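Visitor: Take this structure, written in structure tokens, and hold onto it; I'll ask about it next.
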Amino acid sequence: MNPSDSWTTSQPQFTRVSAAEAVLGDLRAAIERGELPVGQRLPSEAALGARYGVSRAVVREALRSCETLGLTRTRTGSGTYVIADKVPTALTVGDYSSRDLLEARPHVEIPAAGLAAIRSTEPERGELRRLVEQMESASDPQDWVRFDAAFHAAIARASGNMVFVDLHSTMATALARQSETLNLVAHRREAANREHSAIVTALDAQSIDQAEAAMSAHLAEVRRAVEQLISGG
């Protein structure tokens, strides 16, 4: 019997986790066990939604993260296919790899935070405080990712340097994909909220050193989470 046949007919048992995390976890386990072998085309979004009893939006969120993990690839008009049976040495986030982002972000976001500490206006800092509050209270994971993206973009704007604004805009889609996956797999959300709050505190203090240190600490934790996810730790 084809291994994928037993997966298709089996009934997944979930613990109390988010719907998208549960779907991603089941798909990832099936791929790693060989029940969904390399080359296998996954069922449609509608079929997966029926299997898991979730909406197509939840299925799409899980499939995006599965692709970010390097396990599947979605081909427009054809479907989603298994391309690897384990997470590779770098995540795929939009047009970039996680390594690309980890190498580039410190050279953009740390100095941008430092400049924002001395150039930001009170309305700009107020916007950042509101975004932190929205992230802390967000119940929808996609809303959190959107607020996170807006937070980092706002810091780039507050730096007063259009090069940093443009560079951040270039990375924005990839950063959102990475954040979405880290929240699902590495449970980064609460820690990220604390790190964002520390960045805003440093900006309110108008301290270049504190702002750069807070952003550096945030990016270091992101790096650690990505590296642990890749290594399986």
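Each value in this text was obtained by applying a stated rule to the coordinates, not by laboratory testing. Everything numeric here is computed off the predicted structure, so don't read it as measured data. When we count neighbours, we look across all protein chains shown, and the Cβ atoms used for this are built from the backbone with ideal geometry, even at glycine.
Visitor: Semi-axes, largest first, in whole Å: what does sqrt of 5 times each Cα gyration tensor eigenvalue give for region 48-170?
Guide: Details: eigenvalues 221, 77, 22 Å².
Working from the Cα gyration tensor, I get semi-axes of 33, 20, 10 Å.
Visitor: Additional query: Give me the number: length gained by fully extending LYS86 to SER44, i.e. 0.36 nm times residue separation minus the C-alpha to C-alpha distance, one decimal in nm.
Guide: Working: separation 42, 0.36 × 42 = 15.12 nm, distance 2.19 nm.
Answer, rounded to one decimal: 12.9 nm.
Visitor: Among SER216, SER78, what is the fewest-to-most ranking by other Cβ atoms within 10 Å? If you can, show how the numbers build up before the last one.
Guide: Working: SER216 15, SER78 9.
The most exposed by this proxy come first: SER78, SER216.
Visitor: Whose amide H sits under 5 Å from the amide H of LEU42, counting only residues 5 or more places off or on another chain, with H placed in the peptide plane?
Guide: The list, which skips near neighbours in sequence, is THR80, TYR81, VAL82.
Visitor: Then there's this: Taking the Cβ of ALA149 as the center, what net charge do the other residues with Cβ under 12 Å away carry, scoring Lys and Arg +1 and Asp and Glu -1? If you can, show how the numbers build up before the last one.
Guide: Details: positive: ARG146, ARG177; negative: ASP143, ASP148, GLU180.
Charge balance in the 12 Å sphere: -1.
Visitor: Nearest 500 deg cm²/dmol is fine: what mean residue ellipticity at 222 nm does the chain get from its DSSP H runs of n ≥ 4 alone, each adding -39,500 (n - 2.57), divided by its residue count? List each step's numbers first, then the result.
Guide: Values: 10 runs with 159 residues, N = 233.
Value at 222 nm, helices only, nearest 500: -22500 deg cm²/dmol.
Visitor: Quick one: length gained pulling ARG194 to ALA220 fully straight, 0.36 nm per residue minus the C-alpha distance? Each step should come with its number before you reach the end.
Guide: Details: separation 26, 0.36 × 26 = 9.36 nm, distance 1.37 nm.
Between ARG194 and ALA220, full extension yields an extra 8.0 nm.
Visitor: Turning to a different aspect of this structure: Whose amide H sits under 5 Å from the amide H of ARG188, counting only residues 5 or more places off or on another chain, with H placed in the peptide plane?
Guide: ASN183
Visitor: Continuing with this model, one more query. For Cα pairs less than 8 Å apart in space and 6+ apart in sequence, what is the mean separation divided by the residue count of region 92-231, i.e. the relative contact order in percent?
Guide: Working: 159 pairs, mean separation 51.9, N = 140.
Answer for region 92-231 is 37 percent.
Visitor: For helix 19-33, what angle does its Cα long axis make with the longest principal axis of the chain, in degrees from 0 to 90 and rounded to 10?
Guide: 60
Visitor: Right, here's the next one. Please give the net charge around GLU122, taking every other residue with its beta carbon less than 14 angstrom from that of GLU122, where Lys and Arg add +1 and Asp and Glu add -1.
Guide: Working: positive: ARG119, ARG125, ARG129, ARG130; negative: GLU124, GLU127, ASP204.
Overall, the nearby charge balance is +1.
Visitor: Another question, if that's okay. Using the Cβ atoms and a cut-off under 12 Å, what net charge is assigned to the surroundings of GLU190, where Lys and Arg are +1 and Asp and Glu are -1? Spell out each step's value before the answer.
Guide: Numbers: positive: ARG188, ARG189, ARG194; negative: GLU136, GLU195, GLU221.
Spelling it out: positives minus negatives among the neighbours equals 0.
Visitor: Still on this model: Label-point separation (nm) for ARG129 and ARG33, each offset 7 Å from Cα along Cα-to-Cβ?
Guide: With each label point 7 Å from Cα toward Cβ, the separation is 5.1 nm.
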